[in-house]
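Here is the structure we will look at, set down as structure tokens.
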Amino acid sequence: MKKLTLCLIVMTLMTCLQAQDLALAGPFGSIMQPVTGCSLTTENVTIRIFNFGSTRPAGSSFPVNYILNGGMPVNETITLGSALLTNSSLTYTFTTRVNLSIPGTYIITATVSLPGDINPDNNSYTNLVTHNAISGGTVNGSTSACASGNSGTLTLASHTGNILRWEYSNDNGNTWYYISNTTTTQSYSNLKTTTLYRAAIQYPTCGIVFSSIATITINC
């Protein structure tokens, strides 16, 4: 009799444990978007929810939210278009997007809420997203000069990333020629025509950006 009672208790507990349990905690749940990048703007927030509990029928609904940097929650409701089976996942993109246009690191926490969820400890997921502050910088030293005896030095300032090379153009920027120089200064001398200079910058994991353009105007 005691064994039977114990079995019934265990079976009841197992049924309860399976009854209501949606999870956003890893490794099964996650925040899939946004991710760290170099040119973030207003981004989608996409989450993956895992169902540890019993099958959720089509048409049923439950609330979700996300919070940016500890601010006010963005609350939305998911209504299932089809059944969410046991041990399966659901991907959802919030209709309200998140503004990550200012470079820096953001903390995004997403939460799923389900009445009667017996394991609230796995309902949230927190992710760090960094908008890398990439800048090509400014080239200082634009000037006017005569075609004979001109010389000077251009200086790159306020850039972020590695200098890949300098470039110059003597046809108003239609064609650019590479200069094998990875320092922050670029010299010129004896220019015969107006010449433009710029630097090519690359931040790790990001694409190439260019500095501002300095112009040496030959007008004598």
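Data table
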quantity	calculated
Ordering of 21-34, 78-91 by packing [mean C-beta count within 10 Å, highest first]	21-34, 78-91
DSSP bridge pairs, the chain: antiparallel proportion in percent, nearest 5	95 percent
Relative contact order (%) - criterion: Cα under 8 Å, at least six apart; region: the range 103-220	28 percent
Phi to ³J(HN,Hα) by Karplus 6.51 cos²θ - 1.76 cosθ + 1.60 over the range 31-47, Hz, x for Gly, Pro	9, 8, 9, x, 10, 4, x, 10, 9, 6, 10, 9, 10, 6, 10, 10, 10
Accessible area per residue in Å² at 1.4 Å probe, computed on the chain	54 Å²
Sum of side-chain charges, Asn181 neighbourhood, beta-carbon under 10 Å (Lys, Arg +1; Asp, Glu -1)	0
For the chain: relative contact order, % (alpha-carbon pairs under 8 angstrom, 6 or more apart)	18 percent
Contact order relative to length of the range 87-158, as percent, for alpha carbon pairs under 8 angstrom and 6 or more apart	27 percent
Amide hydrogen neighbours beyond the local backbone of Arg165, cut-off 5 Å, H modeled	Ala200
Accessible-area composition of the range 158-220, carbon plus sulfur, in percent [1.4 Å probe]	46 percent
Distance between modelled label sites at Ile179 and Thr194, nm, 7 Å Cα→Cβ extension	1.8 nm
Value of [θ]222 nm, deg cm²/dmol, for the chain, DSSP H segments ≥ 4, -39500 (n - 2.57) each, nearest 500	-3000 deg cm²/dmol
With Cα atoms, 0 to 90° folded angle of helix 2-19 axis to the chain main axis	30 degrees
The chain: radius of gyration over Cα atoms, expressed as a fraction of 2.2 N^0.38 Å	1.72
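The values are calculated or read from the model by the stated rules, or taken from the named source; none is laboratory data. Nothing here was measured: the structure is a model prediction, and the numbers come from that model. Don't worry about glycine lacking a Cβ; one is built from the backbone with ideal geometry, like all the others, and counts go over all protein chains shown. Side chains are part of the model used for accessible areas, which takes the heavy atoms of the whole protein and leaves out ligands, DNA and RNA. Shrake-Rupley method; radii C 1.70, N 1.55, O 1.52, S 1.80 Å.
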